[in-house]
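Colleague: The structure that follows is given in the form of structure tokens.
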Amino acid sequence: MRSITIRRPDDWHLHLRDGAMLEGVIADTSRHFARAIIMPNLVPPVVTTADATAYRERIMAALPKSDRFEPLMTLYLTEDTSPDDVEAGAKSGLITAVKLYPAGATTNSHGGVRDMEKAMPVLECMAKIGLPLCVHGEVTTPEVDIFDREKVFIDTVLDPLRRRIPELKVTMEHVTTSDGIDYIRSAERNIAGSITTHHLIINRNAILVGGIKPHYYCLPVAKRESHRLALRAAATSGDRRFFLGTDSAPHVDPLKECACGCAGIYTSINTMSCLAHVFEQEGALDKLEAFASLNGPAWYGLAPNEETITLVKRDTPVSFPAKIETGAGPVTVFDPMFPLHWDVA
Ligand code: NCD
Ligand code: ZN
């Protein structure tokens, strides 16, 4: 196959940041994607409906005038989040989901939840009104090895939570392990998982072999090869519970290339080319539309996009910049370590 047309995709997990970085990155998403779930981990985080309203306005102001793009806003769950504010935000149509960051799990998550008990009133309210909870599924307990944090989260936080509030819809974001895939597959309802572009392509060797490679470091950290293969199988299966959330997370190079580099990989610009490559390798180009354009909206109760995009396989590789320049500084673009021939026409 040399060309494929699919409904316009959406990104169900995206970091756009704010200010000069927002202005520098937004076009890389709005060029190909119709909608994206916008992560609330700004400094300070987006915690109230009023914060989300103001952030949405800043996103719309930064959007290229020629692009139609809808940011789907989220609230950052804290131990003080008010159920009434969440309910009002959801009912107004502004808020698509609430995000749970276990405190300290990742970039700008120190204000996240330490004691799940304190979040129960909000979670119960969300279950009642059908508002999904997006989870960063990693425990932060120092004793737990970083490569085991997702599995331990499933066993000690996620599964108990879902047993306690079975009506709560949970998106397990950026699944990185076969344990996560198996957990979602084995559940009867009310759970789905997003998968990033980069976790379909790299395993932990990319970060650690031949020198330390900060531009392959993200959280959850890439795991061993068997996990990557499980993610690939899930993403390319067509199973409605799995969909794209790029977790494209720009950081300026000086903050990645240093003694304590930030977690995050920037993939917005070449995600669709990378995905077409992966799906073709798996003999599953016919499942790309389900993963990138159909399963996500179905889970979030939205209609798929009416518009389409066409991907064309070029004879010569498509070139992407090694870095983009933003007003905040340079941001290195994800290098899949193979030439990309698929191009969004
Ligand atoms: C994200 C970021 O930089 O905000 N980083 C990352 O490695 N994915 C936070 C997150 O989603 O964990
Ligand atoms: Zn993220």
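Colleague: Residues in segment 52-94 that are in a loop (DSSP other than H, G, I, E, B) and surrounded by 15 or more Cβ atoms within 10 Å (Cβ to Cβ): how many?
Modeller: 8
Colleague: Okay, next question. Tell me yes or no: at least one residue of segment 212-220 is under 26 Å from D343 (Cβ atoms), away from ligand 1 (no atom under 15 Å from the Cβ), of a type outside the set (S, T, N, Q) and at pLDDT 95 or above.
Modeller: No: zero hits.
Colleague: Within segment 95-118, can you find the residues that are open to solvent by 30 Å² or more (accessible area, probe 1.4 Å) and either touching a strand residue (DSSP E or B) at 6+ places or on another chain (Cβ under 6 Å) or outside any loop (DSSP other than H, G, I, E, B) (or both)?
Modeller: Hits for segment 95-118 are M116, E117, K118.
Colleague: Still on this structure: Determine, yes or no, whether H227 is free of Cβ contacts under 8 Å to residues at least 60 places away in the same chain and open to solvent by 10 Å² or more (accessible area, probe 1.4 Å). Write out each step before concluding.
Modeller: Working: free of Cβ contacts under 8 Å to residues at least 60 places away in the same chain: yes; open to solvent by 10 Å² or more (accessible area, probe 1.4 Å): yes.
Considered against the rule, which asks whether it is free of Cβ contacts under 8 Å to residues at least 60 places away in the same chain and open to solvent by 10 Å² or more (accessible area, probe 1.4 Å), H227 comes out as yes.
Colleague: Right, another one. With respect to R35, is the statement that it is over 23 Å from I191 (Cα atoms) and at pLDDT 95 or above true? If you could, list the steps in order and put the result at the bottom.
Modeller: On the way: over 23 Å from I191 (Cα atoms): no; at pLDDT 95 or above: yes.
So R35 fails the test.
Colleague: Another question about this same structure. Exactly one condition in (1) under 30 Å from P142 (Cα atoms); (2) in contact with a Cys (Cβ under 6 Å, 6 or more places away or on another chain); (3) not charged (D, E, K, R) is not met by G112; state its number.
Modeller: Result: G112 passes all but (2).
Colleague: Against the definition (buried (at least 20 other Cβ atoms within 10 Å of the Cβ), touching a His at 6+ places or on another chain (Cβ under 6 Å) and either within 18 Å of A230 (Cα to Cα) or not aliphatic (A, V, I, L, M) (or both)), how does T196 come out, yes or no? Show your work before the answer.
Modeller: Values: buried (at least 20 other Cβ atoms within 10 Å of the Cβ): yes; touching a His at 6+ places or on another chain (Cβ under 6 Å): yes; either within 18 Å of A230 (Cα to Cα) or not aliphatic (A, V, I, L, M) (or both): yes.
Criteria met by T196.
Colleague: S248 passes all but one of (1) under 19 Å from the mean Cα position of the chain (by Cα); (2) at positive phi; which number fails?
Modeller: (2)
Colleague: Please tell me if A34 is out of contact with any Phe, Trp or Tyr (no Cβ under 9 Å at 6 or more places or on another chain) and small (G, A, S).
Modeller: Values: out of contact with any Phe, Trp or Tyr (no Cβ under 9 Å at 6 or more places or on another chain): no; small (G, A, S): yes.
Spelling it out, it is not the case that A34 is out of contact with any Phe, Trp or Tyr (no Cβ under 9 Å at 6 or more places or on another chain) and small (G, A, S).
Colleague: Taking segment 270-286, which residues are assigned to a loop (DSSP other than H, G, I, E, B) and surrounded by 22 or more Cβ atoms within 10 Å (Cβ to Cβ)?
Modeller: Residues of segment 270-286 assigned to a loop (DSSP other than H, G, I, E, B): 270, 282-284.
The one that is assigned to a loop (DSSP other than H, G, I, E, B) and surrounded by 22 or more Cβ atoms within 10 Å (Cβ to Cβ): N270.
Colleague: Sticking with this one: State all residues of segment 81-102 that are more than 17 Å from H15 (Cα to Cα) and either at pLDDT below 95 or of a type in the set (K, R) (or both); if no residue qualifies, say none. Outline the logic, then answer.
Modeller: So the first thing to find is which residues in segment 81-102 are more than 17 Å from H15 (Cα to Cα), and the list is 81-94, 102.
K91, P102, listed by residue number.
Colleague: On to the next question. Which residues, taken from segment 148-190, are within 16 Å of ligand 2 (Cβ to nearest atom), assigned to a helix (DSSP H, G or I) and closer than 19 Å to A234 by Cβ?
Modeller: Those that are within 16 Å of ligand 2 (Cβ to nearest atom), assigned to a helix (DSSP H, G or I) and closer than 19 Å to A234 by Cβ: E150, F153, G180.
Colleague: From the list V122, V175, V152, V144, which one is surrounded by 15 or more Cβ atoms within 10 Å (Cβ to Cβ) and within 16 Å of ligand 1 (Cβ to nearest atom)?
Modeller: On the way: V122 fails: within 16 Å of ligand 1 (Cβ to nearest atom); V152 fails: within 16 Å of ligand 1 (Cβ to nearest atom); V144 fails: within 16 Å of ligand 1 (Cβ to nearest atom).
Selected residue: V175, the only one of V122, V175, V152, V144 that is surrounded by 15 or more Cβ atoms within 10 Å (Cβ to Cβ) and within 16 Å of ligand 1 (Cβ to nearest atom).
Colleague: Here's a follow-up. How many residues are within 16 Å of ligand 2 (Cβ to nearest atom) and touching a Pro at 6+ places or on another chain (Cβ under 9 Å) if we restrict to segment 1-11?
Modeller: Counting residues in segment 1-11 that are within 16 Å of ligand 2 (Cβ to nearest atom) and touching a Pro at 6+ places or on another chain (Cβ under 9 Å) gives 1.
Colleague: Select from segment 12-41 the residues that are outside any loop (DSSP other than H, G, I, E, B) and of a type in the set (G, A, S) and write down the one among them that is nearest to ligand 2 (Cβ to nearest atom).
Modeller: Kept after step one, since they are outside any loop (DSSP other than H, G, I, E, B), are these residues of segment 12-41: 12-14, 19-30, 35-38.
Within this subset, residues satisfying the condition of being of a type in the set (G, A, S) are 19-20, 24, 27, 30, 36.
Values: G19: 18, A20: 20, G24: 18, A27: 20, S30: 18, A36: 12 Å.
Among those residues, the one meeting the criterion is A36.
Colleague: Taking the stated definitions as given, is I207 of a type in the set (V, I, T), open to solvent by less than 60 Å² (accessible area, probe 1.4 Å), within 28 Å of G296 (Cα to Cα) and more than 16 Å from ligand 2 (Cβ to nearest atom)? So that I can check it myself, show each step before the final result.
Modeller: Values: of a type in the set (V, I, T): yes; open to solvent by less than 60 Å² (accessible area, probe 1.4 Å): yes; within 28 Å of G296 (Cα to Cα): no; more than 16 Å from ligand 2 (Cβ to nearest atom): yes.
No.
Colleague: Please name all residue pairs, on different chains or six or more residues apart, with Cβ atoms under 8 Å, provided the first residue is in segment 258-275 and is at positive phi and modelled with pLDDT of 95 or more and the second residue is among the small types (G, A, S) and within 14 Å of ligand 1 (Cβ to nearest atom).
Modeller: Partner pairs satisfying both residue conditions: G264/A249.
Colleague: Continuing with this model, one more query. In segment 213-241, which residues are closer than 21 Å to E138 by Cβ and among the β-branched types (V, I, T)?
Modeller: V221
Colleague: Okay, moving on. Output the residues belonging to segment 231-274 that are small (G, A, S) and away from ligand 1 (no atom under 14 Å from the Cβ).
Modeller: Those that are small (G, A, S) and away from ligand 1 (no atom under 14 Å from the Cβ): A233, A234, A235, S237, G238, A259, S273.
The values are calculated or read from the model by the stated rules, or taken from the named source; none is laboratory data. Owing to the predicted nature of the structure, the values given are computational and were not obtained by experimental measurement. Note that we place each Cβ from the backbone using ideal geometry, even for glycine, and neighbour counts take in every protein chain shown. Please note that ligands, DNA and RNA were not included when accessible areas were found on the heavy atoms of the full protein model with its side chains. Shrake-Rupley method; radii C 1.70, N 1.55, O 1.52, S 1.80 Å.
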